[in-house]
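Asks: Take a look at the following structure, please.
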Amino acid sequence: MRPIMQKHSLLRRSFGRIGILSIVLLLALTACSSNEERDAGRSAEELYADAKASLDGRSYQTAIDRYRRLTTLYPFGRHAEQAQLDVAYALQQARRPEEALTTLDRFIRTYPTHPNIDYAWYLKGLVHYGEAMGLLRTLFPGQVVDRDQESARLAFQDFQELIQRHPQSRYVADARQRMVFLRNVLAEYEITVGEYYFRRKAYVAAIGRAQYVIENYVGAPANVNALDLLQRSYQKMDLPELAADTGRVLELNYADELEQLDEEQPGWLSRLWPFD
């Protein structure tokens, strides 16, 4: 008898949970329906003002819902266009980068001449930048996975697009500063990988990484390390002429920095590199 009673008790609890869940869903649907009915008679300006108030109050999910309701009721016009940018910002703040990027890509394709198109490019760069500089990267900057590097490269490209397309934008100054930081991080990462190849005697691969830094990250502090890696790799491959030419470039352009090069004192990224 006891197992049967326990079974009936479990069934009653299960049905009770289902009943509570049904009530919650019904209330949610009723609330959504009442909100839609309430908003149906309101102007685009009023709906936008409500959504903006939620955004300013950092109620990001509420703002997203209100902006989307606005674009459903009024799919055309300046408020609907601006709402898409605001939704992208709210999604970024809510840590939903993939949705934010999808929204921004759609906006850029649909409204290429919008007065705030420069902000769309800037915000897209910020979303990728946030992905690259997430908590894991902040705590363990040397343990960088491919996705982190890809996000950093995409952020660099987005900021570059902004500067090239809209050089007079007010966001250019901030974008340039972020690009310098990204350039330096990406360059040092390439050197870290190159040094890993060098230690494994994969000198061709090390040369490839060093050359990539020199060609793509002009002005990065890691350029001196790239030339040094290049020279050492040429020496190991018994290519004295190329090693000598690289050495002359080093001495001509980085005479002061050469004194600071010390193979026994790797950079911060190298010290945290997960492979010996």
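The values are calculated or read from the model by the stated rules, or taken from the named source; none is laboratory data. Keep in mind that this is a model prediction, so the values were computed, not measured. Here the Cβ is made from the backbone with ideal geometry for all residues, glycine too, and neighbour counts use every protein chain on show.
Asks: For segment 46-69, what are the residues that are small (Gly, Ala, Ser) and closer than 13 Å to Leu85 by Cα?
Replies: Ala51, Ala63
Asks: Kindly indicate whether Thr102 is β-branched (Val, Ile, Thr) and either modelled with pLDDT under 95 or touching a helix residue (DSSP H, G or I) at 6+ places or on another chain (Cβ under 6 Å) (or both).
Replies: Taking the combined requirement at face value, the residue does not satisfy it.
Asks: Which of the following residues is over 24 Å from the mean Cα position of the chain (by Cα), assigned to a helix (DSSP H, G or I) and surrounded by 15 or more Cβ atoms within 10 Å (Cβ to Cβ): Leu104, Leu47, Leu85, Leu55? I'd like the intermediate steps shown before the answer.
Replies: Numbers: Leu104 fails: over 24 Å from the mean Cα position of the chain (by Cα); Leu85 fails: over 24 Å from the mean Cα position of the chain (by Cα); Leu55 fails: over 24 Å from the mean Cα position of the chain (by Cα).
Answer to the check: Leu47.
Asks: Further question on the same structure: Just a yes or no: is a residue in segment 248-265 aromatic (Phe, Trp, Tyr), modelled with pLDDT under 90 and exposed (fewer than 15 other Cβ atoms within 10 Å of the Cβ)?
Replies: Of segment 248-265, the ones aromatic (Phe, Trp, Tyr) are 254.
Still in the list and also modelled with pLDDT under 90: 254.
From the residues that got through so far, the ones that are exposed (fewer than 15 other Cβ atoms within 10 Å of the Cβ) too are none.
Looking for residues that are aromatic (Phe, Trp, Tyr), modelled with pLDDT under 90 and exposed (fewer than 15 other Cβ atoms within 10 Å of the Cβ), one finds none in segment 248-265, hence no.
Asks: Hey, can you tell me all the residues within segment 58-82 that are surrounded by fewer than 20 Cβ atoms within 10 Å (Cβ to Cβ) and among the aromatic types (Phe, Trp, Tyr)?
Replies: Once the filter is applied, which keeps residues that are surrounded by fewer than 20 Cβ atoms within 10 Å (Cβ to Cβ) and among the aromatic types (Phe, Trp, Tyr), segment 58-82 yields Tyr60, Tyr74, Phe76.
Asks: Still on this structure, I have one more. Taking the stated definitions as given, is Gln211 modelled with pLDDT of 95 or more, among the polar types (S, T, N, Q) and over 21 Å from Glu150 (Cβ atoms)?
Replies: No; evaluated as a whole, the condition is false for this residue.
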